[in-house]
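Data block below; observations after.
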Amino acid sequence: MKKIIVKVNASTLSGRRILRELEKHDKVVTIENPLPVGEDGLTLKTYSLEETFDNLYDKLEHHYKVDLRKV
């Protein structure tokens, strides 16, 4: 098996088009998407969708003094 590593700039229209085409061939193509790295070289903290909404509801509760999860 021959392995080729390609870096695609997914922030451009052409790059996204290439990635979509590669994703169609999931039996022969493996896409690795590394975690984002900050200026200090350490990986940046990422948040799940649930964590994001919990944080949002906490801030709204603090501001409005009502737990919006129960409304």
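The values are calculated or read from the model by the stated rules, or taken from the named source; none is laboratory data. Since we're looking at a predicted model, the values are computed, not measured. Counting neighbours? That spans all protein chains shown, and the Cβs are built from the backbone with ideal geometry, glycine included.
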Please specify each residue of the stretch 45-58 satisfying the condition of being loosely packed, with under 10 Cβ neighbours inside 10 Å and not β-branched (Val, Ile, Thr). Lys45, Ser48, Leu49, Glu50
Residue hits (the stretch 12-38; exposed (fewer than 10 other Cβ atoms within 10 Å of the Cβ), at pLDDT below 90 and under 18 Å from the mean Cα position of the chain (by Cα)) are Glu32, Asn33, Pro34, Leu35, Pro36, Gly38
Only one of Lys59, Lys45, Lys65 is out of contact with any Phe, Trp or Tyr (no Cβ under 6 Å at 6 or more places or on another chain), on the phi > 0 side of the Ramachandran plot and not assigned by TED's automatic domain parsing to the domain that holds Lys3; which? Lys65
Would you confirm, using the coordinates I've provided, whether Val66 is at pLDDT 90 or above and in contact with a helix residue (DSSP H, G or I) (Cβ under 7 Å, 6 or more places away or on another chain)? no
In the stretch 39-67, residues that are among the small types (Gly, Ala, Ser) and either more than 16 Å from the chain's Cα centre (by Cα) or under 30 Å from Met1 (Cα atoms) (or both) total 1
